[in-house]
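Asker: One structure, as structure tokens, below. Some questions next.
The values are calculated or read from the model by the stated rules, or taken from the named source; none is laboratory data. Model, not experiment: these values are computed from the prediction. Here Cβ is always computed from backbone atoms with ideal geometry, including for glycine, and neighbour counts include all displayed protein chains.
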Amino acid sequence: MEQGANGSDGERSAGWYSDICDLHPDGLLVADDQGLIVYVNARAAQIVGTPASELLGQDIRKAIPLQESDGRSWWDYTDPWNGLAIRSGHREKLLIIPGLHEVLVTAKYLRPGRGMPVRQVVVALRDAEARRRAEANNSALISTVAHELRSPLTSVKGFSSTLLRRWDRFTDDQKRLMLQTIESDADRVTRLITELLDISRIDAGRLQVRKQPVDVRAAINRHIERFVASGYERERFALNGHQEALPEVWADPDRLDQILANLMENAVRHGEGTVSLTVVPAGQDGDEAVAVTISDEGEGIPPENYPMIFTRFWHRSRRGGTGLGLYVVRGLVEAHGGKVSVGRAAAGGAEFRFTLPAGAPENVI
Ligand SMILES: Nc1ncnc2c1ncn2[C@@H]1O[C@H](COP(=O)(O)OP(=O)(O)OP(=O)(O)O)[C@@H](O)[C@H]1O
Ligand SMILES: [Mg+2]
């Protein structure tokens, strides 16, 4: 490997090393004792935006003028060839290639012996765009959350201040209406916070599922009653497939409630017509006990949106919503060992189907 990196180690092995280095996901460059580029892998040429053939033989300090965020030249500051003779390199640092973008740079100095002049400088470049995108994603998350929390809190604050200051000027009915608004906005904030906590658990793989035998049909019926109690007509819901005997299902009853609440609420909020629910044995798949489908008669979801639908914050504008519900549903179903999918209902609307696993998990005594 001594000379392999600079391509003078005989035809075959130089090609072999360079093929391997071309597969490396990071950019790699090697400069000689004069600072001239003697090796460039494919990724480095791609990051720098210059063909490898043009980079070879150039002074690395000019070809890749790395800058600190304050505009200082990184090469002037580090000066691998004339700097401290005991330095062996530089840890990863975020630098800028002027006119291009940010890169994470690591440098390694190869010296023939301790305290001797640098013979080769190996520079690794990692595209910082992916990290930047992740950060942008995080700040998008923060601003969405702040925005979602602000509107209900503004209303809670507005109505409660008005009530406190002008209590005597309102009729009982008006007061009741304001208090109901405060209550439902407070519920919205609580729900959003619960969803966000679940999301952080799902993302960190720390979602706890306490499985026990559950009666899925009874759970669905409870939800239907809840919708009816909050003002929906009973005819809006139909639970089908009563006749079929179901295998025993083990699930976390609270999590199952969350899954059902999200999917049923979507069906009434984003869909139209009757919300049909079915619970049937899941079929051949050995580990899965039952499949639950929830469909409506609304306009459904365009198939080109299927891949996006379970991602967080995805929603189609019209009827409000944060776009977190289905992301949480998928996390909860998968934490149970089940699967969730979306399709088109026979009646034209959206159809969501999720499965739950059969039998007691092995670790339950
Ligand atoms: N049954 C449905 N019919 C039509 N569109 C649907 C249906 N269910 C979900 N969608 C679409 O998928 C989007 C994402 O749903 P999701 O439950 O993740 O978020 P949301 O309902 O908008 O907000 P949240 O559930 O966080 O309050 C919805 O905004 C809606 O556009
Ligand atoms: Mg929803």
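Asker: Within the range 286-294, is there a residue that is acidic (Asp, Glu), touching a residue at least 40 places away in the same chain (Cβ under 8 Å), within 18 Å of residue 209 (Cβ to Cβ) and surrounded by fewer than 16 Cβ atoms within 10 Å (Cβ to Cβ)?
Answerer: Kept after step one, since they are acidic (Asp, Glu), are these residues of the range 286-294: 287-288.
Next, from what is left, pick out any that are touching a residue at least 40 places away in the same chain (Cβ under 8 Å): 287-288.
With within 18 Å of residue 209 (Cβ to Cβ) added as a condition, the list becomes 287-288.
If we keep only those that are surrounded by fewer than 16 Cβ atoms within 10 Å (Cβ to Cβ) as well, we get 287.
The answer is yes; a qualifying residue exists.
Asker: Also: Residue 211 versus (1) charged (D, E, K, R); (2) away from ligand 2 (no atom under 16 Å from the Cβ); (3) over 22 Å from residue 337 (Cβ atoms): which is the lone unmet condition?
Answerer: (3)
Asker: Please go through (1) exposed (fewer than 11 other Cβ atoms within 10 Å of the Cβ); (2) modelled with pLDDT of 90 or more for residue 59 and return the number of the only condition it doesn't satisfy.
Answerer: Result: residue 59 fails condition (1) only.
Asker: Of the residues 153, 192, 196, only one is farther than 18 Å from residue 261 by Cβ and in a helix (DSSP H, G or I); which? Outline the logic, then answer.
Answerer: On the way: 192 fails: farther than 18 Å from residue 261 by Cβ; 196 fails: farther than 18 Å from residue 261 by Cβ.
Result of the check over 153, 192, 196: 153.
Asker: Considering only residues that are without any contact (Cβ under 8 Å) to a residue 40 or more places away in the chain and in contact with a strand residue (DSSP E or B) (Cβ under 9 Å, 6 or more places away or on another chain), which ones fall in the range 262-285? Break it down into steps so the answer makes sense when it comes.
Answerer: Step one: list which residues in the range 262-285 are without any contact (Cβ under 8 Å) to a residue 40 or more places away in the chain, which gives 275, 278, 280-281, 283-284.
Hits for the range 262-285 are 275, 278, 280, 281, 283.
Asker: I've got another one for you. Say whether the condition of being under 24 Å from residue 253 (Cβ atoms), within 16 Å of ligand 2 (Cβ to nearest atom) and assigned to a helix (DSSP H, G or I) is met by at least one residue in the range 181-189. Spell out the reasoning first.
Answerer: Narrowing the range 181-189 to residues under 24 Å from residue 253 (Cβ atoms): 187-188.
Checking which are within 16 Å of ligand 2 (Cβ to nearest atom) leaves us with 187-188.
Next, only the ones that are assigned to a helix (DSSP H, G or I) stay: 187-188.
Yes, that holds for at least one residue.
Asker: Go through the range 284-298 and report how many residues are within 16 Å of ligand 2 (Cβ to nearest atom) and farther than 20 Å from residue 219 by Cβ.
Answerer: Taking the range 284-298 and keeping what is within 16 Å of ligand 2 (Cβ to nearest atom), we get 294-296, 298.
Applying the additional criterion that residues be farther than 20 Å from residue 219 by Cβ yields 298.
Result for the range 284-298: 1.
Asker: Given the structure, is residue 218 under 24 Å from residue 280 (Cβ atoms), without any contact (Cβ under 8 Å) to a residue 24 or more places away in the chain and hydrophobic (A, V, I, L, M, F, W, C)? It would help to see each step written out before you state the result.
Answerer: Details: under 24 Å from residue 280 (Cβ atoms): yes; without any contact (Cβ under 8 Å) to a residue 24 or more places away in the chain: yes; hydrophobic (A, V, I, L, M, F, W, C): yes.
Answer is yes for this residue.
Asker: If you check 139, 155, 160, 200, which single one turns out to be surrounded by fewer than 16 Cβ atoms within 10 Å (Cβ to Cβ) and either among the β-branched types (Val, Ile, Thr) or more than 25 Å from the chain's Cα centre (by Cα) (or both)?
Answerer: Numbers: 139 fails: either among the β-branched types (Val, Ile, Thr) or more than 25 Å from the chain's Cα centre (by Cα) (or both); 155 fails: surrounded by fewer than 16 Cβ atoms within 10 Å (Cβ to Cβ); 200 fails: either among the β-branched types (Val, Ile, Thr) or more than 25 Å from the chain's Cα centre (by Cα) (or both).
Only one candidate qualifies: 160.
Asker: Can I ask one more? Only one of (1) in contact with a helix residue (DSSP H, G or I) (Cβ under 8 Å, 6 or more places away or on another chain); (2) at pLDDT 90 or above fails for residue 76. Which number is that?
Answerer: The number of the failed condition is (1).
Results for (1) surrounded by 20 or more Cβ atoms within 10 Å (Cβ to Cβ); (2) away from ligand 1 (no atom under 11 Å from the Cβ), shown as yes or no for each residue.
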position	(1), (2)
271	yes, no
274	no, yes
282	yes, yes
298	yes, no
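Asker: To continue, here is another question. I want to confirm something. Restricting to the range 317-339 and keeping residues that are crowded, with 21+ Cβ neighbours inside 10 Å, modelled with pLDDT of 90 or more and of a type in the set (A, V, I, L, M, F, W, C), which single residue is nearest to ligand 2 (Cβ to nearest atom)?
Answerer: 326
Asker: Restricting the search to the range 257-283, which residues are assigned to a strand (DSSP E or B) and more than 15 Å from ligand 2 (Cβ to nearest atom)? Write out each step before concluding.
Answerer: As a first pass, look at the range 257-283 and keep what is assigned to a strand (DSSP E or B): 275-281.
Once the filter is applied, which keeps residues that are assigned to a strand (DSSP E or B) and more than 15 Å from ligand 2 (Cβ to nearest atom), the range 257-283 yields 276, 277, 278, 279, 280, 281.
Asker: Out of the range 66-109, which residues are small (Gly, Ala, Ser) and touching a strand residue (DSSP E or B) at 6+ places or on another chain (Cβ under 8 Å)? Spell out how you get there, then give the answer.
Answerer: Step one: filter the range 66-109 for residues small (Gly, Ala, Ser), giving 69, 71, 73, 83, 85, 88-89, 99, 107.
Matches in the range 66-109: 69, 73, 88, 89, 107.
Asker: Scan the range 245-269 for residues that are more than 16 Å from ligand 1 (Cβ to nearest atom) and either under 14 Å from residue 224 (Cα atoms) or not aromatic (Phe, Trp, Tyr) (or both) and report the count.
Answerer: Within the range 245-269, the first condition is being more than 16 Å from ligand 1 (Cβ to nearest atom), and the residues that meet it are 245-254, 256.
Narrowing further to those that are either under 14 Å from residue 224 (Cα atoms) or not aromatic (Phe, Trp, Tyr) (or both): 245-249, 251-254, 256.
Total satisfying the criteria: 10.
Asker: Of the residues 176, 169, 206, 188, which single one is over 25 Å from residue 291 (Cβ atoms), more than 16 Å from ligand 1 (Cβ to nearest atom) and at pLDDT below 90? Give the steps one after another, and end with the answer.
Answerer: Values: 176 fails: at pLDDT below 90; 169 fails: at pLDDT below 90; 188 fails: more than 16 Å from ligand 1 (Cβ to nearest atom).
Every option except 206 fails the conditions.
Asker: Next question, about the same structure. Filtering the range 300-316 down to residues that are surrounded by fewer than 13 Cβ atoms within 10 Å (Cβ to Cβ) and not in a helix (DSSP H, G or I), which residue is farthest from ligand 2 (Cβ to nearest atom)?
Answerer: If we take residues in the range 300-316 being surrounded by fewer than 13 Cβ atoms within 10 Å (Cβ to Cβ) and not in a helix (DSSP H, G or I), then 302 is farthest from ligand 2 (Cβ to nearest atom).
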